[in-house]
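Engineer: I'd like to ask some things about the structure below.
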Amino acid sequence: MSDDVRFPRSRRVRRAAAWTVTAAVLAGALFWVSGGYDSWRDDRALDSACDGDLAAGAVRELFDGVSLTSSAHWGDRRHCTVGASDDDTDAGLVLWARDTEGLGELADVGGFDAPLGHGWTGSFRFDPDGEDPDEARATLLLSCGKGSGNGRVMTADADLGRGGFDDPVTRERLVAVLTETATAYTRRTGCAAPVGERVRNVGVTTTLRDHKPVADATGSCAGLLDGGTAARWGVRTVREIPTAPAPVEDCALGGLRGTFLYGFTARYGPAAAWEQTQLDHRRDAEARTGADAPNARYVLTARCPGVGGTALFQVGALHDVDAPELAAPAVDHEELRAALRRFAERSAKNHGCEEPRAV
């Protein structure tokens, strides 16, 4: 082949290679200027966020394509954050990993949190009728050993910025973020907490409208009263949660339309410690266990392994000295104490606690 043929062909090859390099450089520059590099960098950082504990895959599923940023470490206050934002969404997630000491009440007023089950002691808070339908909280109690009070509390507070927790799949994804992150955190920090299974069918908060006939009770209210006692007390309805272990467990016995008459509550870990401080500040015999309490409030406690600490079980009757006509029918104090013991014994057994006893 002659030189006048070979050389032009070589120049064409070099020219094509030059255009290829130029196109790659321009594409890279466009990727950088358009924010693609920042997005790629943030996505890579997610895999090592929260000291490597964050369940990055579950977080991506929860926010489903939204650009994410995250904290590299837990920080001094033992919390880690994920920010989620795009043109339509401004949302985020805060994870907390704390000791059981010094924490306040784990349950908010106005409803009963749904237990997680599946081998976890935890709960989920989402009120489909509330003011913030795009917000939810999942909570776990993690026992680091059998010694009473030895454990951690982990929570995940999420704001989707666009609703969505009425979707069971979205609730399951938030719980997966918490349980998978908790598993990694406890292993890295040497907390020998038992690990449960993937949580399916995550429930929502039980609210005032969620009452049902007393005869249909199958959860936390089941078996507390026989039919005759319920009739004498004027109890026609219940509000309850499933019997799986949770930081706070509730049962409310009500009248025909769900009007509150009697309430039973079991608290564990920091929730019990917080409530105990409230009881210690009351000097008017609100929580008696022997003689009839004038306001029909009674308390039992039980020593529990691990994070459960000293559990606290309470029952109270509707009592309004300024409006006695609103009070429950004449309180059967003896049977009320017996019902509290049945409630406490079942709950304590689910948590592996000792026999409940009087304060």
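Engineer: By the scheme Lys and Arg +1, Asp and Glu -1, what is the net charge of all other residues having a beta-carbon under 13 Å from that of H211? Walk me through the intermediate numbers first.
Structural biologist: Numbers: positive: R209, K212, R236, R239, R257; negative: D210, D216, E240, D250.
Surrounding charge for H211 is +1.
Engineer: Towards the positive end of the charge dipole of segment 205-275, with charges on Cβ (+1 Lys, Arg; -1 Asp, Glu), say which of T243, G219, L261 has the farthest Cα.
Structural biologist: L261
Engineer: Now for a separate question. Restricting to Cα pairs below 8 Å that are 6+ residues apart, what does the relative contact order work out to for segment 105-205? Please round to a whole percent. Display every interim value, and only then the final one.
Structural biologist: On the way: 172 pairs, mean separation 34.5, N = 101.
This gives 34 percent for segment 105-205.
Engineer: Moving on to the next point. How much length, in nm to one decimal, is gained on full extension between D226 and R342, taken as 0.36 nm per residue of separation minus their Cα-Cα distance?
Structural biologist: Values: separation 116, 0.36 × 116 = 41.76 nm, distance 1.20 nm.
Contour length minus the Cα-Cα distance gives 40.6 nm.
Engineer: Ok, one more. Of the beta bridges DSSP finds with both residues in segment 151-310, what % are antiparallel, to the nearest 5?
Structural biologist: Numbers: 14 of 15 bridges.
Just about 95 percent of them are antiparallel.
Engineer: Please list log₁₀ I(q)/I(0) at q = 0.15, 0.28, 0.29 Å⁻¹ for segment 147-203, using the Debye equation with identical point scatterers on the alpha-carbon positions.
Structural biologist: -0.53, -1.18, -1.23
Engineer: Under a plain spin-label model, where a point goes 7 Å from the Cα along Cα-to-Cβ, how far apart in nm are D47 and R198?
Structural biologist: 2.1 nm
Engineer: What does the charge count around A339 come to, taking other residues whose C-beta lies under 15 Å from its C-beta (Lys +1, Arg +1, Asp -1, Glu -1)? Let's see the in-between values first.
Structural biologist: Details: positive: R232, R297, R337, R341, R342, R346; negative: D226, E240, E249, D250, D292, D332, E334, E335, E345.
Local charge sum for A339: -3.
Engineer: Which peptide among 89-98, 198-207, 50-59, 162-171 comes first, and what is the full order, when sorted by highest mean count of other Cβ atoms within 10 Å? The partial results should precede the final answer.
Structural biologist: On the way: 89-98: 19.5, 198-207: 17.9, 50-59: 21.0, 162-171: 15.9.
Packing proxy ranking, top to bottom: 50-59, 89-98, 198-207, 162-171.
Engineer: 7 Å from Cα along Cα→Cβ at both H281 and T218: what's the point-to-point distance in nm?
Structural biologist: 4.1 nm
Engineer: Sticking with this structure for a sec: In nm, give the distance between the simple-model label positions of D129 and R78, each being 7 Å from the Cα along the Cα-to-Cβ direction.
Structural biologist: The two pseudo-label positions are separated by 3.6 nm.
Engineer: So, counting K/R as plus one and D/E as minus one, what does the shell of residues with Cβ under 11 Å around V199 add up to? Can you show the working numbers first?
Structural biologist: Values: positive: R171, R173, R198, R200; negative: E172, E180, E197.
Spelling it out: positives minus negatives among the neighbours equals +1.
Rule-based calculations on the coordinates, nothing more; no lab input. None of these values were measured; they are calculated from a predicted model. Counting neighbours? That spans all protein chains shown, and the Cβs are built from the backbone with ideal geometry, glycine included.
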